[in-house]
1. Accessible area per residue for region 321-438 in Å², computed with a 1.4 Å probe and the full protein assembly in place, what is it?
2. How big is the gap, in Å, between the Cα center of region 337-393 and the Cα center of region 218-241?
3. Under a 5 Å amide H to amide H cut-off, with H placed in plane at 1.01 Å, what residues pair with Ser285 once short-range neighbours are removed?
4. Val393 to Glu23: FRET efficiency via 1/(1 + (r/R0)^6), r the Cβ-Cβ distance, R0 22 Å, to the nearest 0.05?
5. How big is the dipole moment of region 220-273 about its Cα centre under a simple scheme where the beta carbon of each Lys and Arg is +1, that of each Asp and Glu is -1, and everything else is neutral? Debye, nearest 20, please.
6. How much length would be gained if the chain were fully extended between Gln222 and Asp165, taking 0.36 nm per residue of separation minus their Cα-Cα distance, in nm to one decimal?
7. Starting from the Cα-Cα distance between Asp82 and Asp104, subtract it from 0.36 nm times their residue separation and give me the gain in nm to one decimal.
8. Would you mind calculating the relative contact order of the chain from Cα pairs under 8 angstrom and at least 6 residues apart, reporting the percent as a whole number?
Amino acid sequence: MSTIKILKGRWVLTMTPGAPVLERHAVVLEGERIAAVLPWAEAETRYPAAERVELGQHVLIPGLINGHTHSAMSLLRGVADDLALMDWLNNHIWPLEKKWVSEDWTYQGSLLSAAEALRGGVTYLNDMYFFPTAMARAALDSGIRAGVSINVIDFPTGYASGPDDYIAKGLAAYEQFKGEALLDWTSAPHAPYTVSDETFVKLRQLAEQHELQMHCHIHETQFEVDESVKQFGMRPLERLNKLGLLNERMVAVHMVHLSEAEIEMLAAQKVHLVHNPNSNLKLASGVQPLKALEAAGVNTILGTEGAASNNRQDMFGEIRAAALLAKGVTGDPLTVSARTALEMATIRAAKAMGREADLGSLEPGKLADVVAVSLDALECRPVYHADAQLVYVAGREHVSDVWVGGRQLLKQRELTSIDVPALLERSEAIVERMKTER
């Protein structure tokens with residue numbers, strides 16, 4: 001069978017900056033990469049022997065990138081709701097993790113999240129969690145791309161005894177899986193309130209030595225900022241800046257409570273920010289000042305956070321929330337257009353991951369991470385502007401087909417790489433044990 005496939009959709013949204021929505025165009029895949037994006041008739045003429053995938057009233061878009069999640073925590077979905085962040089962490093999440101988290105637990109939760117992601121059009125998960133070998137295996141087994149973390153926190157857990165142990169285990173995992181095409185790696189201090197200056201410097205040096213992005217929760221709550229001022233005499237961002245962490249390698253998650261001066265500094269130092277609108281709303285942490293960040297030119301992307309705080313690892317939900325929330329809190333309906341919100345989950349996110357040369361848009365030569373979204377349903381009709389329809393109307397349930405590196409992982413809503421009944425059986429068995437032995 002030919003390795004060339006012609007994906008024919010009613011619309012193609014390449015996400016190349018400034019490019020219009022293309023109508024009656026095809027995306028041509030050759031092996032793991034995109035060979036061409038061109039009109040239907042031209043595709044038929046140029047590639048007469050290619051396999052054809054007729055997608056009718058579908059929009060073809062680049063695979064969505066989830067800029068921040070804790071994949072294994074899908075096993076904690078709904079375990080503790082309607083709580084403030086520190087109560088949620090200290091009294092519920094951390095005690096459960098200390099008792100239950102293991103290599104197998106992390107693998108099962110990560111595989112469950114990979115399945116949820118693929119069914120929602122997500123082809124890349126930027127993960128942060130313990131047992132990175134488990135996340136790496138789950139990504140390879142499912143076929144999804146992942147940013148796997150060398151995750152560090154200053155106190156002991158069931159995974160490691162302290163900072164040096166976390167780093168050693170993370171580096172061992174990195175060396176074990178280095179070179180796997182589906183995997184990137186990040187140097188991932190948990191947060192300023194859980195990581196010392198000494199550990200931050202070690203992780204900065206690790207990122208520089210291995211040319212990794214960094215991945216860290218920062219300025220998530222006002223409490224975090226106030227406590228930093230009490231303990232260190234400065235806000236967390238000032239502290240991290242003095243330690244040399246704020247640069248184009250840093251992917252800073254949440255970033256809710258920011259001053260004008262901090263926004264200017266972030267723009268100047270090319271720090272990438274992850275907006276997690278639904279998790280921040282649910283935990284009442286606040287709202288990222290997206291209008292001011294956009295005006296300053298900060299590269300801001302989207303993430304779901306983990307299923308324990310957000311419950312839904314739904315990037316369509318984050319895209320829509322980002323566009324609507326920014327308008328609502330500023331009183332400006334022009335803030336964060338539909339196209340901007342989509343960029344935050346595609347081309348901008350690829351830049352934050354250090355992967356803009358390969359991912360984030362449908363362009364010849366880039367990796368063939370492609371998602372087909374059906375606008376055929378009654379609820380999605382009529383279609384005046386396909387890009388806005390993806391943001392304000394369609395949802396993850398309208399994702400029909402997904403390719404990662406040219407390999408089809410979702411076909412007409414069915415996963416091709418994951419045994420879903422077996423996955424659910426194993427996951428439910430873990431959860432039942434947790435319920436019984438809590």
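1. About 46 Å² of surface per residue is accessible.
2. One Cα centre to the other: 35 Å.
3. none
4. The value I calculate is 0.80.
5. I would put it at about 240 debye.
6. 17.5 nm
7. Gain on extension, Asp82 to Asp104, equals 5.1 nm.
8. For the chain, the relative contact order is 21 percent.
The values are calculated or read from the model by the stated rules, or taken from the named source; none is laboratory data. Treat the numbers as computed from the prediction; the structure is a model and nothing was measured. Here the Cβ is made from the backbone with ideal geometry for all residues, glycine too, and neighbour counts use every protein chain on show. Side chains are part of the model used for accessible areas, which takes the heavy atoms of the whole protein and leaves out ligands, DNA and RNA. Shrake-Rupley method; radii C 1.70, N 1.55, O 1.52, S 1.80 Å.
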